[in-house]
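*Asks:* Submitted below is the structure of interest, expressed as structure tokens.
The values are calculated or read from the model by the stated rules, or taken from the named source; none is laboratory data. Keep in mind that what you see is a predicted model, and the values were worked out from it rather than measured. Cβ sites come from the backbone with ideal geometry, for glycine too, and all protein chains shown count toward neighbours.
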Amino acid sequence: MSLTVDPGVAAARLRVVEEHIRLECAHELDGLMGTFGMHPEWHNQAGGEVLHGHEAIRGFYEDLFRGFPDFQLQVQRRHVADSVVIEGVLGGTHRHEWMGIPPTGKTVSVPFCAVFLFTEDDRLKAEIVYYDRFSLLDQLGVLNVQRS
């Protein structure tokens, strides 16, 4: 097994991820979904769920963009190998129901890490997202957290 990735492949994969992030921040669903290959997966590691297929993933993004109309990602670091790993901060203002939570009007800002896996033709096969769900729910004010 080789641990090196062809520089052309690595560059192509990073371009797909950068386009994916640009479209996500612009809330352009059609283009965003076009970055995924056949039979994609979206993993919410904090929630322990895996979405399979374009329709389920599109529904997730529709709910996210409706719940947080100003949703944005700020990329802080990129790591490119066989996969692409992005570190940054995600956030927005909770204006509409999202994941069963009525709108709070609160703004959230949470660190995240996303791992992107690829198909043979360098489209997204899977997006695996890690974030602190506790921190997100705390910032939304839906947890009763005692502070010392």
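*Asks:* Give the residues of the range 46-58 that are surrounded by 13 or more Cβ atoms within 10 Å (Cβ to Cβ) and either at pLDDT 95 or above or assigned to a helix (DSSP H, G or I) (or both), sorted by residue number.
*Replies:* The initial filter retains those residues of the range 46-58 that are surrounded by 13 or more Cβ atoms within 10 Å (Cβ to Cβ), namely 46, 50-51, 53-54, 56-58.
Matches in the range 46-58: 50, 51, 53, 54, 56, 57, 58.
*Asks:* Any residue at all in the range 135-142 that is among the acidic types (Asp, Glu) and surrounded by fewer than 15 Cβ atoms within 10 Å (Cβ to Cβ)? I'd like the intermediate steps shown before the answer.
*Replies:* Initial filter on the range 135-142 (among the acidic types (Asp, Glu)): 138.
Next, from what is left, pick out any that are surrounded by fewer than 15 Cβ atoms within 10 Å (Cβ to Cβ): none.
Checking the range 135-142: not a single residue is among the acidic types (Asp, Glu) and surrounded by fewer than 15 Cβ atoms within 10 Å (Cβ to Cβ).
*Asks:* Among the residues of the range 1-38, write down those that are touching a Ser or Thr at 6+ places or on another chain (Cβ under 8 Å), farther than 11 Å from residue 84 by Cβ and of a type outside the set (Asp, Glu).
*Replies:* Answer for the range 1-38, where residues must be touching a Ser or Thr at 6+ places or on another chain (Cβ under 8 Å), farther than 11 Å from residue 84 by Cβ and of a type outside the set (Asp, Glu): 23, 37, 38.
*Asks:* Would you point out the residue of the range 82-116, among those that are over 18 Å from residue 46 (Cβ atoms) and assigned to a strand (DSSP E or B), that is nearest to the chain's Cα centre (by Cα)?
*Replies:* Ranking the qualifying residues of the range 82-116, first place goes to 84.
*Asks:* So, one more: Evaluate the range 65-80: report whether one residue or more is at pLDDT below 95, under 17 Å from residue 125 (Cβ atoms), in a strand (DSSP E or B) and not acidic (Asp, Glu).
*Replies:* Checked against the condition, which is being at pLDDT below 95, under 17 Å from residue 125 (Cβ atoms), in a strand (DSSP E or B) and not acidic (Asp, Glu), the range 65-80 yields at least one hit.
*Asks:* In addition: Could you identify the single residue in 66, 58 that is closer than 21 Å to residue 30 by Cβ, touching a helix residue (DSSP H, G or I) at 6+ places or on another chain (Cβ under 6 Å) and touching a residue at least 24 places away in the same chain (Cβ under 8 Å)?
*Replies:* 58
*Asks:* Considering only the range 120-132, how many residues are surrounded by 15 or more Cβ atoms within 10 Å (Cβ to Cβ) and either more than 18 Å from the chain's Cα centre (by Cα) or of a type outside the set (Val, Ile, Thr) (or both)? Give the derivation first.
*Replies:* The first filter runs over the range 120-132 and keeps only residues surrounded by 15 or more Cβ atoms within 10 Å (Cβ to Cβ), leaving 122-131.
Going one step further and asking which of them are either more than 18 Å from the chain's Cα centre (by Cα) or of a type outside the set (Val, Ile, Thr) (or both), we end up with 122-127, 130-131.
Adding up the residues that qualify gives 8.
*Asks:* Still on this structure: Go through the range 117-137 and give me each residue that's acidic (Asp, Glu) and either in a strand (DSSP E or B) or modelled with pLDDT of 95 or more (or both).
*Replies:* As a first pass, look at the range 117-137 and keep what is acidic (Asp, Glu): 120-122, 127, 132.
Residue satisfying the conditions is 127 alone.
*Asks:* Would you say residue 23 is crowded, with 18+ Cβ neighbours inside 10 Å and in contact (Cβ under 8 Å) with a residue 12 or more places away in the chain?
*Replies:* Details: crowded, with 18+ Cβ neighbours inside 10 Å: yes; in contact (Cβ under 8 Å) with a residue 12 or more places away in the chain: yes.
When the stated conditions are applied, residue 23 passes them.
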